[in-house]
2 protein chains.
Amino acid sequence: MNAQVTAAYNGHAASLSHRRGLVLARRLTCRTDEPLFHEGDAIDHRYEVVSGAVRACKLLPDGRRQILEFYLPGDVFGDDELDTCHGFSAEAAGIDETVLLQTRQRPMAAHTAVDPETMLRMRDQALRSLDMTRSRLLILGRLEAPERLAAFLLEMELRLVGRPPAREATPFVLPISRRDAADYLGITPETLSRCIQDLRRRAVIDVVRQRQVTILDRRTLVDMSCGAAAFSGGCPGHAQRLPAVA
Amino acid sequence: MNAQVTAAYNGHAASLSHRRGLVLARRLTCRTDEPLFHEGDAIDHRYEVVSGAVRACKLLPDGRRQILEFYLPGDVFGDDELDTCHGFSAEAAGIDETVLLQTRQRPMAAHTAVDPETMLRMRDQALRSLDMTRSRLLILGRLEAPERLAAFLLEMELRLVGRPPAREATPFVLPISRRDAADYLGITPETLSRCIQDLRRRAVIDVVRQRQVTILDRRTLVDMSCGAAAFSGGCPGHAQRLPAVA
DNA sequence: CGCGCAATTGACACGTCTCAATTCGAGTGG
DNA sequence: CCACTCGAATTGAGACGTGTCAATTGCGCG
């Protein structure tokens, strides 16, 4: 982890603590593919993505890789594991550079003493994450490559441009490489590329310079994805209002 | 839901509440394939499996199905969702009959007032479940059919016969149909059958009467599964000692 | 302008799905 | 106790989708 490090007070850092008051965070600037932690490493930090992207992935001994999740600007990660060491690895995945805020973090087991509100928030976040991961089980287990791509494009549009996209589709720029997208979808880059080109030929999407995507025919994508897209609702580690509680 | 219902005090029911004292639970006896709830139904109950098995699954409009999880005797489910309605359906999957304990349950959002210890336990359970589901992402996304089967057999042995299996392998009986196992692994029953027969021919496993499995060569299964098997540790909704807390 | 890596394209092999036929196993009735 | 029956599981043949490997194109950067 040779990222350039700058001590920084408050600012964005405040949103990491979820407590009122001042928080000390480090600002990390990572080059593409730079590891933040590996599977098996001790859990001792918590991260918030400022810009770029992070991939959470599991590796097989023979090099096969499954990306569990992408963390995009605003997402928080590193605090959603039970054990004292990580069950997956995390690496900067942004095309150019990825900027993060890092705060110290004790393993979960020691967190008994925190206030009930924080505990509730953490549980809700875990359940949100669980729900999203379950949706992805359906995608990886039962959708074919073109269907997975459709679900992926809808998910990315939702996360990058926001909720109900305007009548005129807003273009968005995928912050990750083709290989990463393929490893997220459980297919090869070649198959992904063929599926993308097919959607282009059929004028379902427009792609310029390999990264910028415009959805021309959302209806077709929704049909293709069989409504299986993850992110009907919340994002991975994204802070959200608590539901009104009794 | 036409299950035979019997009011029952305490006994097993006590383990549902995780509080000291008496709890009222209903005892359900379900025939195979009988639904407990559907995706979209309001969340209003919590279940503990007594005997048989339950499958949690997501459906596609065209009938494709992905089983998210099997709940086996001792497992608790129905209380691990954030929303007010279920994100998946649950059906009895036991070969003969499945017996459950059912208790009333308010949706999660209203749970602010519960004691911190319960909250902590719920969060830990969600994180355990999340970890297992992430492992399954790797299995469904990156393992081939024979590898998935290997991981599945190891998982089932662990859940049905317990931790470090003796030198002489203990036979166990799969409590589910081939179709359910296939839908759990994201493959077809035909492919599953072929993989099973292959392991038999190679004397890696022994199968009698289609259900009873004995692992003859665990080493080979472990190698095949690439160490990707879910359940290195805990089970789905299985009550576990809390880690010692500060 | 040209280097270098990522992305695309093509040809082919292989794994899994599909559909149909057969066998197996549990339960029933003679 | 044994035939019969029905559904589940297995087996086979062929089609299709995806993976593999190599060649080509495209894009960003010096």
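Values as computed for the structure displayed
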quantity	calculated
Hey, B:A90 in the same structural domain as B:I187 (by TED's automatic domain parsing), away from DNA strand D (no atom under 16 Å from the Cβ), crowded, with 19+ Cβ neighbours inside 10 Å and not acidic (D, E) or not	no
Criterion (assigned to a helix (DSSP H, G or I) and at pLDDT below 95) met by exactly one of B:L138, B:L149, B:L120, B:L154	B:L120
Segment B:61-86: number of residues that are farther than 15 Å from B:V50 by Cβ and surrounded by fewer than 22 Cβ atoms within 10 Å (Cβ to Cβ)	11
Strands (runs of 3 or more DSSP E) within segment B:1-114 that include 2 or more residues of a type outside the set (S, T, N, Q), closer than 21 Å to B:P189 by Cβ and at pLDDT 95 or above	B:54-59, B:65-71, B:89-92
Segment A:139-159, residues that are at the interface with chain B (Cβ under 10 Å from one of its Cβ atoms) and under 10 Å from A:A230 (Cα atoms)	A:I139
Residue among A:P73, A:P116 that is closer than 30 Å to A:L24 by Cβ and within 14 Å of another protein chain (Cβ to nearest Cβ)	A:P116
Condition broken by A:G227, with the remaining ones in (1) among the small types (G, A, S); (2) touching a Ser or Thr at 6+ places or on another chain (Cβ under 9 Å); (3) away from DNA strand C (no atom under 14 Å from the Cβ) satisfied	(2)
Qualifying residue in segment A:168-180 (condition: within 15 Å of DNA strand C (Cβ to nearest atom) and within 14 Å of another protein chain (Cβ to nearest Cβ))	yes
Count - residues of segment B:203-219 that are within 12 Å of DNA strand C (Cβ to nearest atom) and crowded, with 22+ Cβ neighbours inside 10 Å	0
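Yes/no matrix, rows are residues, columns are (1) among the hydrophobic types (A, V, I, L, M, F, W, C); (2) surrounded by 19 or more Cβ atoms within 10 Å (Cβ to Cβ); (3) within 13 Å of DNA strand D (Cβ to nearest atom):
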| residue | (1), (2), (3) |
| --- | --- |
| B:L137 | yes, yes, no |
| B:R142 | no, yes, yes |
| B:E147 | no, yes, yes |
| B:E157 | no, yes, no |
| B:A169 | yes, no, no |
| B:L174 | yes, yes, yes |
| B:D180 | no, yes, yes |
| B:P189 | no, no, yes |
| B:R201 | no, no, yes |
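The values are calculated or read from the model by the stated rules, or taken from the named source; none is laboratory data. Everything numeric here is computed off the predicted structure, so don't read it as measured data. As a convention, Cβ positions derive from the backbone with ideal geometry for all residues, glycine included, and neighbour counts pool all protein chains shown.
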